[in-house]
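Novice: Here it is: the structure, laid out below.
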Amino acid sequence: MTQAEAANIDAVRSYFDGCNSGDLDALLGTLDPDVVHYFLAPKFAPIRGAGHLARHWRKFKTALDPVWSIDRIVAQDREVVSEWSCIWTPQQTRRRILMRGCEWYVMRDARIAEVRAYFIHDDCADTGLVGFPYVERGYLTR
C-alpha cells in the first residue's frame with residue numbers, strides 16, 4: 001500500500017469517527033469542500049458540499065443514535081471502498097435496526113470528494129446479505 005492510499009484510508013476512517021460522534025469539525029476535516037454524496041435509494045437526493053454533508057451526519061447522529069463500523073476497507077490509487085455496518089433507531093421507535101452497506105469513495109488530497117453509497121434502507125427490518133456468516137467473520141452485530 002502506498003503512503004497516499006494509507007492516508008486515504010485514514011481519512012475514511014476519520015469520516016466514520018465523525019459520523020459516530022456527530023462532530024462537525026471532525027467531519028469537515030475529512031471532506032473536500034465540493035464533496036458529493038450519492039445514494040442508491042431514490043428517497044435520498046445527493047448531498048453536495050462539505051458543510052451540508054457534515055450537518056446531515058450530525059443530524060443523523062442526533063435523531064437516530066447510530067453506531068457505525070467499518071467492517072472491511074481497501075484502497076487503490078485515489079479510490080477507497082468500505083463495507084460497513086450501522087445499528088440505528090428509527091424515529092418514534094425504540095427498536096434498533098442493523099443496516100449493512102458498501103461505499104465507494106473518490107479522494108482528492110486525502111479528503112473525500114465523492115461518495116457512492118450502496119445499501120438497502122428499511123425502517124422495519126435488518127438488512128444484509130442472506131446467509132452470509134457475519135458473526136463468524138467478525139462483523140458488527142447486535
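The values are calculated or read from the model by the stated rules, or taken from the named source; none is laboratory data. Quick caveat: nothing in here was measured; it's all calculated off a predicted structure. Note that we place each Cβ from the backbone using ideal geometry, even for glycine, and neighbour counts take in every protein chain shown. Remember, those area values only see protein heavy atoms, side chains included, never the ligands or the DNA or RNA. Shrake-Rupley method; radii C 1.70, N 1.55, O 1.52, S 1.80 Å.
Novice: Can you tell which of TRP68, TRP57, TRP88 is at pLDDT 95 or above, farther than 19 Å from ALA7 by Cα and touching a Pro at 6+ places or on another chain (Cβ under 7 Å)?
Specialist: Just one listed residue meets the conditions, TRP88.
Novice: Mind checking which pairs have a first residue in segment 11-24 that is among the aromatic types (Phe, Trp, Tyr) and a second that is in a loop (DSSP other than H, G, I, E, B) and crowded, with 18+ Cβ neighbours inside 10 Å, Cβ under 6 Å, 6 or more apart or different chains?
Specialist: As it stands, the answer is TYR15/THR30, since those pairs meet every condition given.
Novice: Identify all residues within segment 2-22 that are in contact with a helix residue (DSSP H, G or I) (Cβ under 8 Å, 6 or more places away or on another chain) and more than 17 Å from GLU103 (Cα to Cα); write none if there are none.
Specialist: Correct list: SER21, GLY22.
Novice: Restricting to segment 25-57, give me the number of residues that are without any contact (Cβ under 8 Å) to a residue 40 or more places away in the chain and basic (Lys, Arg).
Specialist: Here the count works out to 2.
Novice: Also: So, in segment 14-48, of the ones that are touching a strand residue (DSSP E or B) at 6+ places or on another chain (Cβ under 7 Å), surrounded by fewer than 16 Cβ atoms within 10 Å (Cβ to Cβ) and assigned to a loop (DSSP other than H, G, I, E, B), which residue ends up modelled with the lowest pLDDT?
Specialist: The extreme case among them is LEU40.
Novice: Condition first: of a type in the set (Ser, Thr, Tyr) and out of contact with any Asp or Glu (no Cβ under 8 Å at 6 or more places or on another chain). Now tell me which residues in segment 3-59 satisfy that.
Specialist: Of everything in segment 3-59, those that are of a type in the set (Ser, Thr, Tyr) and out of contact with any Asp or Glu (no Cβ under 8 Å at 6 or more places or on another chain) turn out to be SER14, TYR15, SER21, THR30.
Novice: Say we look at segment 104-136 and pick out the residues that are touching a residue at least 40 places away in the same chain (Cβ under 8 Å) and of a type in the set (Asp, Glu); which of these is least open to solvent (accessible area, probe 1.4 Å)?
Specialist: GLU114
Novice: Of all residues in segment 1-41, how many are charged (D, E, K, R) and under 16 Å from MET107 (Cβ atoms)?
Specialist: 5
Novice: Spot the failing condition for LYS61; the list is (1) assigned to a strand (DSSP E or B); (2) in contact (Cβ under 8 Å) with a residue 40 or more places away in the chain; (3) surrounded by 16 or more Cβ atoms within 10 Å (Cβ to Cβ), and only one is missed.
Specialist: (1)
Novice: Which ones in segment 71-100 are open to solvent by 70 Å² or more (accessible area, probe 1.4 Å) and more than 13 Å from ALA125 (Cβ to Cβ)?
Specialist: ARG72, VAL74, GLN76, ASP77, ARG78, GLU79, GLN91, GLN92, ARG94
Novice: Here's something else I'd like to know. Name every residue in segment 64-76 that is touching a helix residue (DSSP H, G or I) at 6+ places or on another chain (Cβ under 7 Å) and not in a strand (DSSP E or B), in order of residue number.
Specialist: PRO66, the sole residue that qualifies.
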